[in-house]
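Every number here is computed from the coordinates shown, using simple stated rules; none is lab data. Everything numeric here is computed off the predicted structure, so don't read it as measured data. Don't worry about glycine lacking a Cβ; one is built from the backbone with ideal geometry, like all the others, and counts go over all protein chains shown.
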Amino acid sequence: MKLLCSKVLLLLLIVGISGCSQSEERTETDYYKPWEALGELFHDVQMEGIFPDSKTFVDYTPKRAPGDILAEYQSAKDEEGFSLAAFVDENFNPPFQPQAIEIDASKPMIEHLDTFWSSLTRSSEDAGDFSTLIPLPSEYVVPGGRFREIYYWDSYFTMIGLGVSGRVDLIESMLENFKYQIETIGYIPNGNRTYFLGRSQPPFFGAMVNLYAQYTSPEEAAKYLPALQAEYDFWMDGKNQLSDANPVYRRVVKMGDYVINRYHDDLLEPRPESYREDVELAHGMSEERANKLFLDLRAACESGWDFSARWFEDGNDFTTIRTSEIAPIDLNSILYHTENVLSSLYEATGNEARAAEFSLLAEQRANAINSLFWNEDSSIFMDVLWADGSFTGRITAASFYPLYFRAADEDHGKAQVPGLMNELRKDGGMLTSIYKSGQQWDQPNGWAPLQWIAYKGLEHYGFENEADEIAKDWLSVNRKVYGATGKMMEKYNVADTTLLAGGGEYPTQDGFGWTNGIALALDADIAKY
């Protein structure tokens, strides 16, 4: 352990930001990064386990210049009676904690949610020089609980609920923030924290813009066209330099005649917000193996599924994570939709040539999805290992994405439904996966965004009754927990609705942005019939 820790510390002190890509160095501003500014103090605080998890300390803010605090620490740390915990308490301020909200659980859940958005709305204009929070120009909705920043893919499902509540103004405000990040950083980070720089999240910006167009008009939504094109370019960076001899670069992969995408990260080091956890997981590994582990952990965070046996070669062994080796079915379905949205926006602005270009790109990706990702043996869309085209064999709710975005041809889309319903359908809705790994994106947990993806995907291919059952069962679990606790949870146990969800790197959170949004949307949807 000491050897690995010293190697990691050396990386932090000497390498600094040299692991960033050239485009990242060109676009990032001088953000506060405690793992760089605090050097060995950061390392020691995280490894000492002063806080329950590593995210706590990266959200603390120094009371004065980090360099001065570090110098004082280096001078005092070896003195008799020195207390690291007391030193941190003396020199850092804890993160903002919103005032506890009194919830009347006797009030109907939907009525409560419709007026709850203001409690999750934040502003970061005055984040301060020594905060990991990246300032954004407009208001935004946070998930809740320990998550005090905006998260990229969460926001799409939150926006769906905001639309039901008539808060198109807040949808636009959040879109403006994402546009700002694309323009200033070059992409939309995992969240607006400096420790998320290097990776994005599932690229739902196109779906957000499309949602906004439904509430306004394609012409109005076209103001986000340059930003959406820039984000698409980020995800497709290196496409034209791929070859059979060099089939992968950052987030693009060449498989035969197709160019598809994978999740990635530009950094090969422990996640600052999970520093101790990552270093301990890499214990005993060679530097090369540890770097690959860090990449795959970060790539899994970019996927939003952090973590799941979906990414493991051995479903019970966290160290076999191989996210960067996988071409995911959900990511490529999202980008298929992005290409269609770009085509529509170019058409709305009168650029027929570009509209036709992206229509063709969408058609090509649909062909790739229906050929590369279709597992004929199991009749299910499935993740593939891009190096040889073999299937991972993992059965997860990600298979519903081609239905949600209508990327699946009619025969394939309908053919996979019986198998998925048999494997994933439980009393409380849809399982995330069939695996019992102890990870939070596996059985027995269900998550709001995947309920919505499955619900709408089933509707799109004519399975209205099955969709209706999922919606009602999920809302039933939401209401049950809300009635008992007055809270909306980040995730739910859908396999045994008498128990709470679990797993993951932190305790179950309440709040909760995307759960609220999807509950509102499902309730409004099924009320139509």
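Placing unit charges on each Cβ (+1 for Lys and Arg, -1 for Asp and Glu) gives the chain a dipole about its Cα centre, and among Leu520, Asn422, Met285 the Cα reaching farthest toward its positive end belongs to Asn422. Amide H to amide H, with H built 1.01 Å from N, Tyr32 comes under 5 Å of Ser131, counting only residues 5 or more places away or on other chains.
Note on the chain: Rg/Rh from C-alpha atoms, Kirkwood Rh, equals 0.95.
Amide H to amide H distances under 5 Å link Asn93 with Thr61, Lys63, where only residues 5 or more positions off or on other chains count and H is placed in the peptide plane.
Karplus-based coupling profile of segment 374-391, in residue order and whole Hz: 8, 8, 5, 5, 9, 6, 9, 5, 8, 4, 10, 7, 5, 5, 10, x, 6, 7, with θ = phi - 60° in 6.51 cos²θ - 1.76 cosθ + 1.60 and x standing for Gly or Pro. Each residue of segment 250-263 was assigned a 3J(HN,Hα) from its phi angle through the Karplus expression (A = 6.51, B = -1.76, C = 1.60, θ = phi - 60°), giving 6, 9, 10, 9, 9, 10, x, 8, 9, 10, 10, 10, 9, 8 Hz with x at Gly and Pro.
Rounded to the nearest 0.05, what FRET efficiency do Phe82 and Arg289 have when you use their Cβ-Cβ distance and R0 = 30 Å?
Numbers: r = 35 Å, r/R0 = 1.17.
It comes to 0.30.
When a/c reaches 1.5 or more, the comparison of a/b and b/c decides; with that in mind, is segment 328-409 rounded, prolate or oblate per its Cα gyration tensor? Judged from the Cα gyration tensor, segment 328-409 comes out prolate (a/c at least 1.5, a/b above b/c). Sorted on the mean count of surrounding Cβ atoms within 10 Å across their residues, most packed first, peptides 368-377, 452-461, 325-334 read 325-334, 452-461, 368-377. Put simply, the amide H of Lys426, placed in the peptide plane, has neighbours under 5 Å in Leu431, leaving out anything fewer than 5 places away on its chain. Across segment 491-497, computed HN-Hα scalar couplings (Karplus, 6.51 cos²θ - 1.76 cosθ + 1.60, θ = phi - 60°) run 8, 9, 7, 9, 7, 9, 6 Hz from first to last residue, x flagging Gly and Pro.
For the listed residue pairs Lys55/Lys456; Lys77/Lys491; Lys254/Lys292; Lys55/Lys223, the alpha carbons are over 31 angstrom apart in Lys55/Lys456; Lys77/Lys491; Lys55/Lys223. For the pair segment 326-385 and segment 256-311, the centres of their Cα atoms are 25 angstrom apart.
Rounded, prolate or oblate: which fits segment 416-529, taking a ≥ b ≥ c as square roots of the Cα gyration tensor eigenvalues, rounded meaning a/c under 1.5, else prolate when a/b beats b/c? The shape class here is oblate.
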